1. Cβ-Cβ under 7 Å, sequence separation 6+ or interchain: first residue in the range 210-225 and within 17 Å of Phe244 (Cβ to Cβ), partner among the polar types (S, T, N, Q). Which pairs?
2. Over 17 Å from Glu253 (Cβ atoms) and among the aliphatic types (A, V, I, L, M) - does that describe any residue in the range 70-79?
3. Just to verify a result, which residue in the range 191-212, among those that are assigned to a loop (DSSP other than H, G, I, E, B) and among the small types (Gly, Ala, Ser), is modelled with the lowest pLDDT?
4. Identify all residues within the range 131-171 that are more than 18 Å from Gly200 (Cβ to Cβ), open to solvent by 40 Å² or more (accessible area, probe 1.4 Å) and hydrophobic (A, V, I, L, M, F, W, C); write none if there are none.
5. Pairs needed: first member in the range 182-198, farther than 12 Å from Ile119 by Cα; second member anywhere, surrounded by 16 or more Cβ atoms within 10 Å (Cβ to Cβ) and of a type in the set (Ser, Thr, Tyr); C-beta distance under 8 Å; at least 6 residues apart or different chains.
6. Within the range 213-259, can you find the residues that are closer than 15 Å to Lys138 by Cβ, of a type in the set (A, V, I, L, M, F, W, C) and either open to solvent by 60 Å² or more (accessible area, probe 1.4 Å) or part of a helix (DSSP H, G or I) (or both)?
7. Looking at the structure I just gave you, is Val79 within 30 Å of Val177 (Cβ to Cβ), at pLDDT 95 or above and out of contact with any Leu (no Cβ under 9 Å at 6 or more places or on another chain)?
8. Would you confirm whether any residue within the range 86-103 is surrounded by 12 or more Cβ atoms within 10 Å (Cβ to Cβ), β-branched (Val, Ile, Thr) and more than 26 Å from Ala171 (Cα to Cα)?
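The values are calculated or read from the model by the stated rules, or taken from the named source; none is laboratory data. Note that the structure is predicted; figures quoted are calculated from it, not measured. We place every Cβ from the backbone using ideal geometry, glycine too, and count neighbours over all the protein chains shown. Note: areas computed on protein heavy atoms with side chains; ligands, DNA, RNA excluded. Shrake-Rupley method; radii C 1.70, N 1.55, O 1.52, S 1.80 Å.
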Amino acid sequence: MGGHSDSERGAVAWIIAEALMRQRCGKVTHAFDSWRAATLGGTPLTGQRRQLVTAFAEPVFKPQIDPAAKPHHGVPGHVGEWLWYLLALESPDTPARVREYLTPPKDNVNDSGGDGLVIYRSRSGTGPELLFRLWEMKKYTGKDDSVTDTVRGAWDQLSEHGINYVISQIAWADREVSGDVGIFVSELADLWLEGHPSSGAGVSVATNTSAAPKQRAFTTAHERIPHLRHDGQLEGMIVAIDDFPDFARHVQELVWTAL
């Protein structure tokens with residue numbers, strides 16, 4: 001998103017804020033409706049409705065009152081996860097595969113477990129019919145303009161803790177899928193440990209445009225997670241935005257405007 005106007009960046013920030021608040025409020029639709037109307041109308045909520053919406057927004061987006069306090073890194077991390085999720089949600093199916101399931105980001109970026117799970121149905125006619133990719137999302141806001149260590153660390157994290165992340169994602173997917181995809185979900189842990197061709201992993205990093213790699217960023221991924229040795233098992237994404245921390249703060253401000 002380098003070189004975009006303030007209005008374009010603002011539009012993307014609003015898309016993220018609206019989507020994540022809809023997800024956070026869930027079936028309490030009047031909470032989301034109240035938040036949206038108050039935000040667009042520029043009139044903060046009051047009374048019980050304000051208390052209700054605050055309860056949904058506060059775990060991640062409560063503003064930092066003391067400017068001298070250590071920065072709260074949950075906001076950029078959460079916004080980075082939502083950037084990945086919305087891009088994955090909008091990605092069209094390909095001749096090779098059709099998306100069957102996609103987990104939304106966790107309610108709190110500091111929650112344990114995997115960051116994302118995607119299940120696909122293969123169209124290739126060869127190999128496994130169903131595939132999954134376990135994703136780890138990171139942010140990079142450092143000053144040396146290099147995401148290399150962040151990418152490597154994410155792969156190492158998946159290599160060391162991937163089985164635990166898979167198990168945590170199974171709990172999500174079990175509630176939402178059935179049929180052959182439901183059966184496939186029950187097999188994910190074994191498939192991951194085996195390094196089966198139907199398994200796979202991905203790393204996404206949200207960062208500043210200036211830190212976006214000038215060349216391919218994932219060429220050594222196979223060295224960090226060697227048990228996934230089949231072609232196509234590893235995927236990567238860099239999401240670059242001018243001044244990413246400031247963009248994340250804008251999303252936070254939109255979420256909190258009604259409060």
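1. Pairs found: Ala211/Ser146.
2. Looking for residues that are over 17 Å from Glu253 (Cβ atoms) and among the aliphatic types (A, V, I, L, M), one finds none in the range 70-79, hence no.
3. Going through the qualifying residues, I end up with Ala212.
4. Scanning the range 131-171 gives a single hit, Ala171.
5. Leu191/Ser198; Leu191/Ser199; Trp192/Ser199
6. Result: Ala221, Phe244, Ala248.
7. no
8. Within the range 86-103 (the criterion being surrounded by 12 or more Cβ atoms within 10 Å (Cβ to Cβ), β-branched (Val, Ile, Thr) and more than 26 Å from Ala171 (Cα to Cα)), the answer is no, since none of the residues qualifies.
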